[in-house]
Amino acid sequence: MKKQFRHAIITGIVFGIITSFLFLIGFTGIAADMFGDLLQNKSAAPFMNLTPQMLDMLIFLGLIGLWAGSNGSHKVKGQTDDPIGPAVFGGLITGLVHGLFVSVLALLVGTLDAKGVKINTYLYQILPAVVKLFILAKTPIQGALFHLVFLTATGLLGGILSRGLGRSAWQSRLQKKRNESFSKISQAGIFNKIRSNRMILYSVYGIVLVLLFLLPLRAGQYWNYTIGTVGVYVLLGLGLNIVVGLAGLLDLGYVAFFAIGAYTMALLSAPAPHHLLWNFWIALPIGIGLATITGILLGAPVLRMRGDYLAIVTLGFGEMIRILLKSDVLTSFTRGPKGVPSIGGPTLFGKPFNSDIDFVYLIFLAVLLIIFVTNRLQNSRIGRAWEAMREDEIVSRAMGINTMKQKLLAFAIGAAFAGLGGAIFASRNQFTGPEDFSLMVSINVVALVIVGGMGNIPGVIAGALVLKGLPEVLRQMQDYRVLIFGALLVVMMLWRPAGLIPSSRRRMEVERDAGVQETAGEGREK
Amino acid sequence: MPDAKSSAKRLTPYKIIQSIIGVTFIIYIIWRLFVVFIAKPSYGPDTWARFAIAGLVLGMVYALIAIGYTLVYGILRMINFAHGDIMMIGAFGGYFVFEALRAIPTPTLVDPQMNFLDANPFISVVLAFLIGSSIAAMCGFFLEKIAYRPLRTAPRLVPLISAIGASIFLENAAQLLFGPQRRDYTNPMILTRGEGWSIPIGGSDVILTYTGVLTFVLSVLVMLGLYLLVMRTRLGRSMRAVAENKPVAALMGIDVDGVISRTFIISGASAGAAGVMWGIHLGLVYHFVGFIPGIKAFTSAVLGGIGSVPGAMLGGLFLGLVESLGPAILGISFQLKDVIAFGILVLVLIFRPTGIVGEILTEEKV
């Protein structure tokens, strides 16, 4: 009983903080509107003096309350029998604590607002209308009491429901089965099956290709632009995948090579600073070449450092390039912070590329080419050398691998891919400026490689889709999408540390590490 | 490195290039020093003194943030990317303390319009530091518990991504809570920014600001305290033991999880103090304020030799001075101070790959 009490109180506090936070960032109002859209009840008649918007907010709060109650009623460790008493009790206590938090907040905000304090000069989202909605247009004390009673009741209900639903023998059997099948799927059973059968593999590739070919024709301009951006990030991800995923060198300044590709294309083909107006197809290889050369020049001195030193040096290099592009020093050469406008696009057989659809096809082509190259590299002697080097540098050197040469090679190839991506990106946007190349681009690319699954091509593509596509899908949430993106990044790492689609070798590695940790049984975990 | 011995004797092409770069660089610096100080003095001594003071104060703040990085890195071998954002939260904590105290009327005989902040500046500043640090420390504690602890056994890059996610989350949560605008840190009256003792140097007065002195002295004290904590106390000893070898430390009866939690609390508290200093000295606070200092502080930690507390201090001071004096010595635009800072970092790491002081990690552990 005492343990249950403690557990319930802690759960209540956690949920109290979560609900208060959601209110303070103004999410309760947004959620109310979303429920309103979902239920189509915006014009419904008031019920018990509550407007439909308030009801929608209460639905949202009620759902959180139910969740809190069911969490608070969970069986605590060491409890053998499973009577209904503690569960209901836990739900009640959780609801009470949760309600206490929210009602204190409501009382505080309501009183301050009633006194005429302008809360939103300090807390940006708390406009008087939001406060009025939150205390249900009553006096602060009434509103606070209402929240206390409401959340306690939902907590109690959550406790009873979870006792009814979550504890039966049937439920636990189902849960076990689900866990088993889930772990089977997550251990890439399907992917391995597909991989092992060539017929299926090629037909899947074919279908995907046809779909990719048809997709831009159906999608609108906005979506084609988004698809193009995702494609460029796939290019970057595949390039960084060689550096980070295969060779194991953490590069946080990858955007530098992207910038070099983009600026080479811009300066050679734009009319503005130099009036060179070169053809896209001539500027493209020059951009790739320059990026590669920079990669080698940077790599030669710094690749001797290991791990995090390399990370910070590359990060510094990326920032240096951006600051140089922005500064007055290069203004006559690159137009400084103003950026380079009207960059030329490619022409093919006399047909100029001028719509986003054309560029989407061009990017697809580049991605396919890069996938082909990466695939061949990965399964070659060089790819095996990279992976050996990632696993253990000293042993791989003992095996006769010239690690310095291989590292440089990986760095240069990664840089070349980034240069290609940058050149296409600049040409598609018809503009490039220093702010396109902030540190966040590098971080996004590293994140997509690791979220997708390091060292593996489908993983990188999945990562790019999730990381660059998701914010576009979440666009309806407006201000909240980046916040949700950050939280998802953490959750995704907690949920699948090996990435969305882990390469088979990497998955084994993660599992082995976890296994070693368990068998070593250091007795301090929990 | 297994071939460290042999390559020390043999003259590899890399070594030759390294020496050429080093000698050229040193000659260039000496020549520039000669030019700016003797041949064609670009600034008077008063300006140099101003640069040096600004650099010292900034460097101390960097050093204070860098210690948090170094402590966490020493124990977990991970870059706590959200450290700068914890500093931002501490800065906001101090800001709200000042704002709240300014709203309390404290009429005195001299001035009936007086508020608490101006009437009791000493208590206010202490309160701001205490509350700012504790909020940041709590934030560090929960960050470790939620985002890093479950990933203790995962490969090294996974906690890094988790940290990046946490950093993005904290920045945007702060933006949603407090709004996107920049806020002015309103100091107590006696700490008004820009005022201070004036010292006559080379014919004109150089102002040694009160805020600068406060920042400098406080960070020296905090750093001294941290150093003693790591080197002299029981907790510090267990921290060093955990950094050395976790399983063995656990066998010796050290609560490893507890030590890691406490490390995050300490590093969060020092970042929070640095945030309040940043606000008091530089005067602006907004949701993105921790990002650049965070990266600079990480650079200083690496510069000094990551994992070592004195290294972080030296690295921070060095970086601050390079940033403020570098552009003047090399005679280039002040826009490029970050380029110089990162350039120095690259050069230092080429010649001393383990930082100025040298890291305290052994090769096999990494």
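State which residue is modelled with the highest pLDDT when the search covers only region A:489-505 and only residues that are crowded, with 21+ Cβ neighbours inside 10 Å and at the interface with another protein chain (Cβ under 10 Å from one of its Cβ atoms).
My answer is A:490.
Based on what the data block shows, is residue A:245 within 21 Å of the chain's Cα centre (by Cα), surrounded by 12 or more Cβ atoms within 10 Å (Cβ to Cβ), within 14 Å of chain B (Cβ to nearest Cβ) and closer than 22 Å to residue A:439 by Cα?
Yes.
I'm told residue A:254 meets every condition in (1) out of contact with any Phe, Trp or Tyr (no Cβ under 9 Å at 6 or more places or on another chain); (2) surrounded by fewer than 24 Cβ atoms within 10 Å (Cβ to Cβ); (3) of a type in the set (Phe, Trp, Tyr) except one. Can you identify the failing condition by its number?
(2)
Given the residues B:152, B:102, B:77, which is the only one that is more than 30 Å from residue B:162 (Cα to Cα), out of contact with any Gly (no Cβ under 7 Å at 6 or more places or on another chain) and not hydrophobic (A, V, I, L, M, F, W, C)?
None of the others qualify; the one that does is B:102.
Residue A:42 versus (1) at pLDDT below 65; (2) under 21 Å from residue A:18 (Cβ atoms); (3) not β-branched (Val, Ile, Thr): which is the lone unmet condition?
Here residue A:42 meets the rest and fails (2).
Pick from A:353, A:333: which is at pLDDT below 80, farther than 25 Å from residue A:442 by Cβ, surrounded by fewer than 24 Cβ atoms within 10 Å (Cβ to Cβ) and more than 9 Å from chain B (Cβ to nearest Cβ)?
On the way: A:333 fails: farther than 25 Å from residue A:442 by Cβ.
Unique residue meeting the criteria: A:353.
Which ones in region B:243-271 are closer than 22 Å to residue B:298 by Cβ, of a type in the set (A, V, I, L, M, F, W, C) and at pLDDT 90 or above?
B:260, B:264, B:265, B:266, B:269, B:271
Checking residue A:391 against (1) in the same structural domain as residue A:323 (by TED's automatic domain parsing); (2) within 28 Å of the chain's Cα centre (by Cα); (3) at pLDDT 85 or above, which single condition isn't satisfied?
Failed condition: (3).
Test residue A:277 against the criterion of being of a type in the set (A, V, I, L, M, F, W, C), surrounded by fewer than 17 Cβ atoms within 10 Å (Cβ to Cβ) and touching a residue at least 60 places away in the same chain (Cβ under 8 Å), and give yes or no.
yes
Please indicate, with yes or no, whether at least one residue in region B:66-73 is part of a helix (DSSP H, G or I), within 22 Å of residue B:192 (Cβ to Cβ) and modelled with pLDDT of 90 or more.
Within region B:66-73 (the criterion being part of a helix (DSSP H, G or I), within 22 Å of residue B:192 (Cβ to Cβ) and modelled with pLDDT of 90 or more), the answer is no, since none of the residues qualifies.
Which pairs do you get when a residue that is away from chain A (no Cβ under 12 Å), found in region B:228-252, comes within reach of a residue that is of a type in the set (S, T, N, Q), reach meaning Cβ atoms under 8 angstrom, with the pair 6+ apart or on two chains?
That search, which allows pairs on different chains as well, returns B:239/B:263.
Rundown of residues vs (1) in contact with a Pro (Cβ under 9 Å, 6 or more places away or on another chain); (2) surrounded by fewer than 24 Cβ atoms within 10 Å (Cβ to Cβ); (3) within 14 Å of another protein chain (Cβ to nearest Cβ); (4) at pLDDT below 85, yes/no style:
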position: B:29; (1), (2), (3), (4): no, yes, no, yes
position: B:33; (1), (2), (3), (4): no, yes, no, yes
position: B:41; (1), (2), (3), (4): no, yes, no, yes
position: B:46; (1), (2), (3), (4): yes, yes, no, yes
position: B:49; (1), (2), (3), (4): no, yes, no, yes
position: B:55; (1), (2), (3), (4): no, yes, no, no
position: B:64; (1), (2), (3), (4): no, no, no, no
position: B:80; (1), (2), (3), (4): yes, no, yes, no
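Determine whether residue A:261 is at negative phi, under 32 Å from the mean Cα position of the chain (by Cα), modelled with pLDDT of 85 or more and surrounded by fewer than 18 Cβ atoms within 10 Å (Cβ to Cβ).
no
Residue under question is residue B:110, and the condition is that it be hydrophobic (A, V, I, L, M, F, W, C) and outside any helix (DSSP H, G or I); does it hold? Step through it out loud before you land on a result.
On the way: hydrophobic (A, V, I, L, M, F, W, C): yes; outside any helix (DSSP H, G or I): yes.
For residue B:110, the condition - hydrophobic (A, V, I, L, M, F, W, C) and outside any helix (DSSP H, G or I) - is met.
Which residue pairs have Cβ atoms closer than 6 Å, lie 6 or more positions apart in sequence or on different chains, and pair a first residue in region B:182-210 that is in contact (Cβ under 8 Å) with a residue 60 or more places away in the chain and under 23 Å from residue B:286 (Cα atoms) with a second residue that is of a type outside the set (A, V, I, L, M) and in a loop (DSSP other than H, G, I, E, B)?
B:182/B:286; B:185/B:283; B:193/B:283
Kindly list the number of the only condition in (1) within 12 Å of chain A (Cβ to nearest Cβ); (2) part of a helix (DSSP H, G or I); (3) of a type outside the set (A, V, I, L, M) that fails for residue B:307.
It is condition (2) that residue B:307 fails.
One line per residue, one yes/no per condition, for (1) surrounded by fewer than 18 Cβ atoms within 10 Å (Cβ to Cβ); (2) out of contact with any Pro (no Cβ under 8 Å at 6 or more places or on another chain); (3) in the same structural domain as residue A:36 (by TED's automatic domain parsing); (4) of a type in the set (Lys, Arg):
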| residue | (1), (2), (3), (4) |
| --- | --- |
| A:92 | no, yes, yes, no |
| A:95 | no, yes, yes, no |
| A:106 | no, no, yes, no |
| A:117 | yes, yes, yes, no |
| A:127 | yes, yes, yes, no |
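Any idea how many residues of region B:118-131 are surrounded by 24 or more Cβ atoms within 10 Å (Cβ to Cβ) and more than 20 Å from residue B:210 (Cα to Cα)?
0
From B:222, B:206, which residue is more than 14 Å from chain A (Cβ to nearest Cβ), modelled with pLDDT under 85, within 19 Å of residue B:56 (Cα to Cα) and crowded, with 16+ Cβ neighbours inside 10 Å?
B:206
Looking at residue B:274, is it in contact with a Pro (Cβ under 9 Å, 6 or more places away or on another chain), among the aliphatic types (A, V, I, L, M) and modelled with pLDDT of 90 or more? I'd like the intermediate steps shown before the answer.
Working: in contact with a Pro (Cβ under 9 Å, 6 or more places away or on another chain): yes; among the aliphatic types (A, V, I, L, M): yes; modelled with pLDDT of 90 or more: yes.
Answer is yes for this residue.
For residue B:154, only one of the following conditions fails: (1) under 20 Å from residue B:60 (Cα atoms); (2) without any contact (Cβ under 8 Å) to a residue 40 or more places away in the chain. What is its number?
(1)
The values are calculated or read from the model by the stated rules, or taken from the named source; none is laboratory data. Here the structure is a predicted model, which is why all the values come from computation and not from measurement. Every residue, glycine as well, gets a Cβ built from its backbone with ideal geometry; the counts of neighbours run over all protein chains shown.
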